[in-house]
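Chemist: Provided herewith is a single structure, encoded as structure tokens, for subsequent inquiry.
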Amino acid sequence: MDGEALIEAVIALEPSAAKREKADRPAVCVPPEKLAALALALRDTPALAFDMLLDHTAIDWLAEGQFELVYNLYSTVHGHALLVTTTVPREHPVVPTVSTVWLIAHWQEREVFDLMGVQYDNHPDLRRLFLEDEWQGYPLRKDYKDDYMLGLPK
């Protein structure tokens, strides 16, 4: 299935999804409340069979006041790839977990939670992964500051 057909198939599954421009592979953006259902459909639809979540991360768009969550999917059955993105506001970043769809998301969501502060509804064990439990703030946010940060050389 070529990239355009893949995007059309995804939009047929979830009409609120939109083609994401400026991507190096087929990509769609979906509202956060539709993410979990779409993830399940992408995995379970035989023509798509996205059985692997390669990576999940977040981008801090500070000026826009939002995080963009990026899910890099791959089908080992068909050999095609897809980016799925969604956006959530920085002041209350909550999205449904996809850890029930792809087990690796359990760890990837914990990493994004730990470093960016994104909350995942219904995650089975959402707690810090790298930082100490007492750590204040989220170090990958663009506005993060602490007393130990090194500045750029002048």
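The values are calculated or read from the model by the stated rules, or taken from the named source; none is laboratory data. Just so it is clear, the model here is predicted, and its values are computed rather than measured. A quick note on method: Cβ atoms are made from the backbone with ideal geometry, for glycine too, and the neighbour counts reach across all protein chains shown. We work out accessible area using only protein heavy atoms, side chains counted, and drop any ligands, DNA or RNA first. Shrake-Rupley method; radii C 1.70, N 1.55, O 1.52, S 1.80 Å.
Chemist: On C-alpha positions alone, give me the angle between the axis of helix 105-116 and the longest principal axis of the chain, in degrees, nearest 10.
Modeler: Helix 105-116 sits at roughly 40 degrees to that axis.
Chemist: So, one more: Of the labelled options (i) 150; (ii) 160; (iii) 136, which one gives volume of the Cα convex hull per residue in Å³ as computed for this structure?
Modeler: The calculated read-out lines up with (iii).
Chemist: Tell me which residues come under 5 Å, amide H to amide H, from HIS80 once H is placed; ignore anything under 5 positions away on its chain.
Modeler: When sequence neighbours closer than 5 places are left aside, the close amide H contacts are SER75.
Chemist: Calculate what fraction, in whole %, of the accessible area of the stretch 1-94 sits on carbon and sulfur atoms when a 1.4 Å probe is rolled over the protein chains.
Modeler: Taking all protein chains in place, the stretch 1-94 shows 57 percent carbon and sulfur surface.
Chemist: Tally up the carbon and sulfur contribution to the accessible surface of the stretch 111-154 as a whole percent, 1.4 Å probe, everything protein left in place.
Modeler: Here it works out to 51 percent.
Chemist: Quick query: amide H of MET52 versus all other amide H atoms, modeled in the peptide plane; which residues come in under 5 Å with a sequence gap of 5 or more or a different chain?
Modeler: It is TYR74, THR76, by chain and number.
Chemist: For n ≥ 4 DSSP H runs only, could you compute -39500 (n - 2.57) per run for the chain, divide by its residues and tell me the 222 nm figure to the nearest 500?
Modeler: Rounded to the nearest 500, it is -6500 deg cm²/dmol.
Chemist: At TRP107 and ALA63, where each label point lies 7 Å from the Cα along Cα→Cβ, what is the point-to-point distance in nanometres?
Modeler: The answer from the label model is 3.6 nm.
Chemist: Using the Karplus curve 6.51 cos²θ - 1.76 cosθ + 1.60 with θ = phi - 60°, work out ³J(HN,Hα) for each residue of the stretch 49-66 in order, rounded to whole Hz, and write x for Gly and Pro.
Modeler: Whole-Hz 3J(HN,Hα) from phi for the stretch 49-66: 6, 6, 8, 9, 8, 6, 7, 9, 8, 9, 10, 8, 9, 4, 4, 8, x, 8.
Chemist: I've got another one for you. Before I look further, what does the chain give for accessible area per residue, probe 1.4 Å, in whole square angstrom?
Modeler: With all protein chains present, the chain gives 57 Å² per residue.
Chemist: Helix 35-44 versus the longest principal axis of the chain: what angle, 0 to 90°, nearest 10, using Cα atoms?
Modeler: Taking the Cα atoms of the chain, the angle to 35-44 is about 40 degrees.
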